[in-house]
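Peer 1: Got a structure for you, written out below as structure tokens; questions coming shortly.
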Amino acid sequence: MSLEAKQLTFGYRGKNRKRVLESVDLTVAHGERLGLAGPSGRGKTTLCKLLSGFEAPDGGTVLVDGKPLRDYRGICPVQMIWQHPETAVDPLMKLGDTLREGGPVEEELLEALHIQPAWLERYPAELSGGELQRFCIARALRPGVQYLLCDEITAMLDLITQAQIWTFLLEQVERRDLGLVIVSHNAPLLERLCTRIQDLDK
Amino acid sequence: MEPILQVKDLSISFTQYGRGTRQVLLPVIQDLSLTIRPGQVVAVVGSSGSGKSLLAHGILGILPYNSHMAGEITFLGQPLTPKRAEAVRGTEIVLVPQGVTYLDPLMKVGPQIRKGRRDQKARQASRTALKRYGLGEEVESLYPFELSGGMARRVLIATAAAETPKLVIADEPTPGLDARSAQRVLGHFRELADGGAGVLLITHDLELALTIADRVAVFYAGETVEEADAADFTAGKLRHPYTRALWNALPQNGFVPIPGAQPGPGEVGKGCPFAPRCPKQRPECLSPVSYRELEGGLVRCLYPEGEMV
């Protein structure tokens, strides 16, 4: 049982079209924590988008526990947390409505992430970047998620909040036996968090 | 030497509507003082929601309409009035903003850097600026959504450096950059400072800040809790318990999170803002704590590290 990418190939449409990913393979099992490293522009975010169904590959397949990702309906079992939370939410929707779109979320989860109930009555622009990111983490951790893709999710947070969030996420990953993909430029962070590191540059 | 920027007792608060039509004044920054001299990189290190970005917006005079600012800001010896701020921002004072959302999504990168100018000189300047940050000419004809996170950030920096600013305010310029690019970007801020400009580096990344800053101010819940030369930090000489907690939370220094969260605006008591989470808290910490000098630095703590009690 694992999240598998087989020979993924992809390029963005447009006149400057160029291959971002060329025959990339990747496997993450439940309970595994895979680090993705590589310089900017090497396709780390793009790979996450393909793994979570935000983009369809030009070639190759994504399998979730043996079944193609595109055959899943409803809430995607692979949830992505984005580097820029302000671009990951609808700016014209109150956060509470954004959260309810995907079904119920545990109260405990909101509490553990220090999300104040008052925030849910606000619009995204009324929260700071770090607050919004914690909200996005709560949104991704809904029931039914099997794999979590974290694309540089703590890069904008202070050190104490970073340590808090990762301690929390690792505990969730363990308790719910999730598979985790962590994209980060912070080498000491990957060293500390991951069971295995794949370098996209090689 | 005359300071480029001097901030004295700056406070920023917001008016919000509470229940019905009752107005509530929400303080977000309190009694902030800061001096930047020519050639200096001053880092303001603090967590998200501590009011760091508002400091930048306050200096630039681009705070929202429901905000109030008290205190004094002096730029090159003259008070920085809203009118003057409007005249110098974008040329003498430039901002490298935090998010990619500051780029116009419907405008290609080239014209954005040139700010709409079309002459040959502007074209040349934008190309040079891009090249300086390791981006090729082809980037000029891309839209922001076609850029990777790291590229977008370099475009933001190129936009600011295309002018010859006296003061550069960099609001979280490094997240999303790989270690090498981050060092290169910070190196460019260092260069701008060495060329005589002042740089205000706003960041949460203590470690990176220490690699280029001359002086570091640590910010917590809208107040400065410690200010000292960067050399003190690298030597492990930390004054405030919050700074110590930040240090211990580095992945390579133990990755230890202290419990709790930073108090939000309006939740800060009269005393030290860190007191509720401080391992060394005593009852007297809940009364006002003065910002005092200690061995060449400043600290807002009754029982700082390294001082015998």
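Quick note: the coordinates plus some simple rules give every number you see, no bench work behind them. Because the structure is a prediction, the values reported are computed rather than measured. Note: ideal-geometry Cβ built from the backbone for every residue, glycine included; neighbour counts use all protein chains shown.
Peer 1: In the range B:198-250, what GluC sites (Glu not before Pro) fall in a loop by DSSP, with at most 15 other Cβ atoms inside 10 Å?
Peer 2: Of the GluC sites (Glu not before Pro), not one in the loops of the range B:198-250 has a Cβ with at most 15 other Cβ atoms within 10 Å.
Peer 1: Here's another thing I want to ask about it. Rounded to two decimal places and with Rh computed the Kirkwood way over Cα pairs, what is Rg over Rh for the range A:2-199? Intermediate values should be presented prior to the final figure.
Peer 2: Working: Rg = 16.5 Å, Rh = 17.3 Å.
Over the Cα atoms of the range A:2-199, Rg/Rh equals 0.95.
Peer 1: Could you size up the charge dipole of chain B around its Cα centre, putting +1 on the beta carbon of Lys and Arg and -1 on that of Asp and Glu, and report it in debye to the nearest 20?
Peer 2: Working: 34 positive and 32 negative charges, 149 e Å.
The calculated dipole for chain B is roughly 720 debye.
Peer 1: For the range A:144-202 and the range A:74-142, write down the distance between their C-alpha centroids in whole Å.
Peer 2: 18
Peer 1: Using 24 Å as the Cα-Cα cut-off, could you pick out the over-long pairs in B:52/B:115; A:6/A:44; B:115/B:166? Write out the running numbers ahead of the final one.
Peer 2: Details: B:52/B:115 26 Å; A:6/A:44 15 Å; B:115/B:166 19 Å.
The answer is B:52/B:115.
Peer 1: What is the range A:122-170 by shape, rounded, prolate or oblate, if you read a ≥ b ≥ c off the alpha carbon gyration tensor as root eigenvalues and call it rounded for a/c under 1.5, prolate for a/b larger than b/c, and oblate otherwise? Let's see the in-between values first.
Peer 2: Values: a/c = 2.09, a/b = 1.17, b/c = 1.79.
It comes out oblate by the Cα gyration axes.
Peer 1: Same structure, new question: Give me the dipole magnitude in Debye, nearest 20, for the range A:2-199 about the Cα centre, with unit charges on the beta carbon: positive for Lys and Arg, negative for Asp and Glu.
Peer 2: Numbers: 23 positive and 27 negative charges, 173 e Å.
Here the size comes out at about 820 debye.
Peer 1: Hey, another quick one. Just tell me, in residue order, which DSSP H segments of chain A are both 24 angstrom or longer along the helix axis (alpha-carbon based) and at least -0.5 in mean Kyte-Doolittle hydropathy.
Peer 2: Numbers: long enough: A:159-176 (25 Å, 0.02).
Helix filter hits for chain A: A:159-176.
Peer 1: Related question: If r is the Cβ-Cβ distance from residue B:120 to residue A:122 and R0 is 45 Å, what FRET efficiency results, to the nearest 0.05? Walk me through the numbers on the way to the answer.
Peer 2: Working: r = 47 Å, r/R0 = 1.05.
With R0 = 45 Å, the Cβ-Cβ based efficiency is 0.40.
Peer 1: So for the range B:188-309, taking the charge dipole from beta-carbon charges (+1 Lys/Arg, -1 Asp/Glu), which of B:275, B:254, B:193 sits furthest toward the positive end?
Peer 2: B:275
Peer 1: While we're on this one: What length, rounded to one decimal in nm, is gained on full extension from residue B:145 through to residue B:180, with 0.36 nm per residue of separation minus their alpha-carbon distance?
Peer 2: Details: separation 35, 0.36 × 35 = 12.60 nm, distance 2.32 nm.
Roughly 10.3 nm would be gained on extension.
Peer 1: Residue by residue through the range A:94-99, which ³J(HN,Hα) values in whole Hz follow from phi under the Karplus form 6.51 cos²θ - 1.76 cosθ + 1.60 (θ = phi - 60°), with glycine and proline marked x?
Peer 2: Computed from phi, the couplings for the range A:94-99 are 5, 4, x, 5, 4, 5 Hz.
Peer 1: Please give, to one decimal in nm, the separation of the simple spin-label points placed at residue B:66 and residue B:83, each 7 Å out from Cα toward the Cβ.
Peer 2: 2.9
Peer 1: Could you pull out the longest piece of chain B with no exposed loop trypsin sites (Lys or Arg not before Pro) in it, calling a site exposed if DSSP puts it outside H, G, I, E, B and it has at most 14 other Cβ atoms within 10 Å?
Peer 2: On the way: sites that count: B:19, B:22, B:115, B:117, B:118, B:270.
Maximal segment without exposed cleavage sites: B:119-269.
Peer 1: Could you check the simple spin-label distance between residue B:252 and residue A:56, using points 7 Å along Cα→Cβ, in nm with one decimal?
Peer 2: 4.5
Peer 1: Next question. Residue farthest toward the positive end of the dipole of the protein assembly as shown, with Cβ of Lys/Arg at +1 and Asp/Glu at -1: which of B:266, A:82, B:218?
Peer 2: Result: A:82.
Peer 1: Can you list the trypsin sites (Lys or Arg not before Pro) in the range A:29-94 that are in a DSSP coil and have 11 or fewer other beta carbons within 10 angstrom? Working shown, then result.
Peer 2: Values: sites: A:33, A:42, A:44, A:49, A:70, A:73, A:94; in loops: A:42, A:73, A:94.
The qualifying sites are A:73.
Peer 1: Using the alpha carbons of the range A:1-40, what is the convex hull volume per residue in cubic angstrom, as a whole number? List each step's numbers first, then the result.
Peer 2: Details: hull volume 3.3 nm³, N = 40.
In the range A:1-40, the Cα hull volume divided by residue count equals 84 Å³.
Peer 1: Let me ask something else about it. Under a 5 Å amide H to amide H cut-off, with H placed in plane at 1.01 Å, what residues pair with residue A:11 once short-range neighbours are removed?
Peer 2: A:20, A:58
Peer 1: Another one. What ranking do A:2-12, A:142-152, A:112-122 get when scored by the average of other Cβ atoms within 10 Å per residue, highest first?
Peer 2: Output ranking for A:2-12, A:142-152, A:112-122: A:142-152, A:2-12, A:112-122.
Peer 1: Per the Kirkwood treatment, what hydrodynamic radius in Å, one decimal, follows for the protein assembly as shown from the mean inverse distance over all distinct Cα pairs? All intermediate terms of the calculation are to be shown ahead of the outcome.
Peer 2: Numbers: mean 1/r = 0.0416 Å⁻¹.
For the protein assembly as shown, inverting the mean 1/r across all distinct Cα pairs yields 24.1 Å.
Peer 1: Taking the Cα centre of the protein assembly as shown as origin, sum charge times position over the Cβ atoms of Lys and Arg (+1) and Asp and Glu (-1), and report the length of that vector in debye to the nearest 20. Could the numbers behind the result be given before it?
Peer 2: Values: 58 positive and 60 negative charges, 277 e Å.
Charge dipole of the protein assembly as shown: 1320 debye, to the nearest 20.
Peer 1: Then there's this: Quick one: which residues, 5+ away or cross-chain, put their amide H under 5 Å from the amide H of residue B:220? H built at 1.01 Å from N.
Peer 2: B:225
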